[in-house]
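First comes the structure, then the notes that go with it.
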Amino acid sequence: MTPVHHAINYVEITVTDMDAAQDFYGTAFGWRFTDYAPAYAGIQTPEGDGEVGGDLLLYSDDLDATVAAVNDAGGTIAEEPYAFPGGRRFTFFDPSGNRLGVWSTNLGNIRFRRSDQGEC
């Protein structure tokens with residue numbers, strides 16, 4: 001399925017204890033997970049051939065413009081855009097305090113840094 005600009009694309013559940021959450025959801029519902037980092041995991045499809053969730057994420061064709069739109073609308077950026085497997089993302093709080101995320105496959109002007117060779 002092709003992502004649609006500013007449409008809900010992926011649903012994540014925010015947890016305070018990753019191990020306890022994986023144990024609970026795995027036991028209660030049979031969910032399986034893809035661990036990406038100590039504090040981040042994807043929720044696999046029941047068939048195990050993809051992911052269905054892991055924050056509420058919107059998709060953006062232009063992440064930098066979306067950051068500006070969130071700021072202009074009164075949101076607060078929680079995490080500045082950063083690279084992750086598959087693209088870039090950022091998270092923000094809406095005026096009610098809800099935390100959401102936005103991702104894009106477009107890397108924009110992001111530059112990666114190798115610790116042994118400076119910027120590349």
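Computed from the coordinates by the stated procedures, all read-outs in this text should not be read as laboratory data. Here the structure is a predicted model, which is why all the values come from computation and not from measurement. In this analysis, Cβ positions are derived from the backbone assuming ideal geometry, glycine residues included, and neighbour counts consider all displayed protein chains.
Taking a sphere under 10 Å around the Cβ of N106 and counting the other residues whose Cβ falls inside, with K and R at +1 and D and E at -1, yields a net charge of -2. Here, the stretch 35-88 yields an orientationally averaged convex hull projection of 4.7 nm² when only Cα atoms define the hull.
Taking amide H as placed 1.01 Å from N in the peptide plane, A78 has its amide H under 5 Å from the amide H of T91, F92, F93, each at least 5 places away in sequence or on another chain.
Amide H contacts of H5 (H built 1.01 Å from N, in plane; Pro and chain starts excluded): no residue 5 or more places away or on another chain comes under 5 Å.
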